[in-house]
Amino acid sequence: MKFIDEYCNVELSQRLVERIRHKSAREVRLMEFCGGHTHAILRYGIRQLLPPTVEMLSGPGCPVCVTANADLDKAIALSGLPGVILASFGDMLRIPGSYSSLQKAKAEGADIRIVYSAMDALRLARENPHRSIIFLGIGFEATAPTIAASILEAEGERIDNYYVFSIHKLCPPVIRALLQSGEVKLDGIVCPGHVSAIIGSQPYEFIAKEYGIACAVAGFEPLDILLSIDMLLAQIESGKPEVEIAYRRGVRPEGNLRAQEIMGQVFETCPATWRGIGEVPQSGLRLRQEYQRFDTEKAFYVDPGPPREARGCLCGDILRGVKWPSDCRLFGQVCTPEHPVGPCMVSSEGSCAAYYQYQSHEAALSK
Amino acid sequence: MCLAIPAKVLSIEGYQAEAEIAGVTRQISLRLTPEVKVGDWVLLHTGYAINVIDEDAAKETLKLLEEMCEVY
Ligand code: SF4
């Protein structure tokens, strides 16, 4: 496919790896924030190709994984309300909550529909005027504007049975929280690609300025990721951290202003609770006053009970970059993609799922 | 979840467009990228074009990569 195949060029990738090996003088620790990057890095074996001096940690960039059980439990409870159709991206269905999952709720009779787009959820609202359509609004800055756009569309068409349960999360505030905690020491961050297509590269400036950490925004093909690593090493070597874009075909420094405008029109920031990280100020999005009639928080009341965490699951630590999937005693034994214990084993962007899928079990355990 | 793929816009009607994704034609929304023209490539995420792909930048990056790797 155009804009993908060229960036998978094996020969060029090999030469770039050579260059990185040659360049890498001292030990550095980099974090790929985004779960999509974690998958690409494991899928193309990039971790093994890098010199031993370059350590790559995975970050919390998996929207499904960082969803707190309390929010997931609420979504499951909402799906059980009479007259409700709950529309969700497919990724969420198999995530185990405290007591159940959306998939179990669906098997037990809840009307839960998998949608590919907020447009599909809106279509459900048009086609089912006597039902309440609740869309599970999950995702980072790449997804939130699409859901904001669907709300504006619903408003324009006077659709009054469309609601959004907004558990969106924002990336720069959680990066700040991770760095502030001081729990992981990093030299560089591979910044998310499609989130940055919306927000641009400017919101990461504080990472370089305040924390002295190198930043490079990356795409998802091998050459994109290798280029970002090359940029990070050069920044670290020169002692001049900044924010570079290794994904210029998809990301401009200022981002997509129209999408930012739509997102800002419908949503305002609020505190949000992240799995494993806790409450992070300004890291969530809730509907603004003017759009409250689309807000499930205002229209429905559910009490799913106190949230519980799965015993032995280390997802929270893995999301903070302080543990590896291989540190979890349940990995590959009790917890598999078929029988997931935690969200990191289910989501297409989860670290445990990536290790399980792309590395042999032994390799993952000996990491 | 945050995946986006390149799609080529074939026709536009208001905020709706037809786009080709790996040989398949689909309806997409241009609400977030109203500047899109027929023939443009966009990054498609959950049915919405979230950005126009900058073809010049794409070529420049490839050229940069070639140059960087010349001596290796
Ligand atoms: S292997 Fe399973 S139980 Fe262990 S951390 Fe990963 S998702 Fe949680």
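The values are calculated or read from the model by the stated rules, or taken from the named source; none is laboratory data. Since this is a predicted model, take the numbers as computed values, not measurements. Glycine also receives a Cβ, built like all others from the backbone with ideal geometry; neighbour counts cover every protein chain displayed. Areas reflect the complete protein model, heavy atoms only, side chains present, ligands, DNA and RNA absent. Shrake-Rupley method; radii C 1.70, N 1.55, O 1.52, S 1.80 Å.
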Taking the range A:328-357 and keeping only residues that are in contact (Cβ under 8 Å) with a residue 40 or more places away in the chain, more than 8 Å from the ligand (Cβ to nearest atom) and more than 14 Å from chain B (Cβ to nearest Cβ), one is left with A:Tyr355, A:Gln357
Is one or more of the residues making up the range A:61-68 in a helix (DSSP H, G or I), more than 9 Å from every other protein chain (Cβ to nearest Cβ) and open to solvent by less than 10 Å² (accessible area, probe 1.4 Å)? yes
Would you mind telling me which numbered condition in (1) in contact with a strand residue (DSSP E or B) (Cβ under 9 Å, 6 or more places away or on another chain); (2) of a type in the set (Asp, Glu); (3) near the ligand (Cβ under 10 Å from one of its atoms) A:Asp295 fails? (3)
Considering A:Glu11, A:Glu27, A:Glu6, A:Glu18, which residue is more than 14 Å from every other protein chain (Cβ to nearest Cβ) and open to solvent by 10 Å² or more (accessible area, probe 1.4 Å)? A:Glu27
Quick one: is B:Thr61 among the hydroxyl-bearing types (Ser, Thr, Tyr), farther than 21 Å from A:Ala148 by Cα and facing chain A (nearest Cβ under 10 Å)? yes
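Please note which strands (runs of 3 or more DSSP E) are completely contained in the range A:126-206 and include at least 2 residues that are more than 13 Å from chain B (Cβ to nearest Cβ), within 26 Å of A:Ser88 (Cα to Cα) and polar (S, T, N, Q).
Of the strands (runs of 3 or more DSSP E) lying wholly inside the range A:126-206, none has at least 2 residues that are more than 13 Å from chain B (Cβ to nearest Cβ), within 26 Å of A:Ser88 (Cα to Cα) and polar (S, T, N, Q).
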Among strands (runs of 3 or more DSSP E) entirely inside chain B, those with 1 or more residues being of a type in the set (Lys, Arg) are B:5-13, B:24-29
Given the options A:Gly276, A:Gly250, A:Gly212, name the one that is in contact (Cβ under 8 Å) with a residue 24 or more places away in the chain and in contact with a His (Cβ under 9 Å, 6 or more places away or on another chain). A:Gly250
Suppose we keep only residues that are within 8 Å of the ligand (Cβ to nearest atom) and not aliphatic (A, V, I, L, M) within the range A:305-316. Which one would you say is least open to solvent (accessible area, probe 1.4 Å)? A:Cys315
Specify which of the listed residues (A:Pro253, A:Pro325) is more than 15 Å from the ligand (Cβ to nearest atom) and either open to solvent by 20 Å² or more (accessible area, probe 1.4 Å) or more than 14 Å from chain B (Cβ to nearest Cβ) (or both). A:Pro253
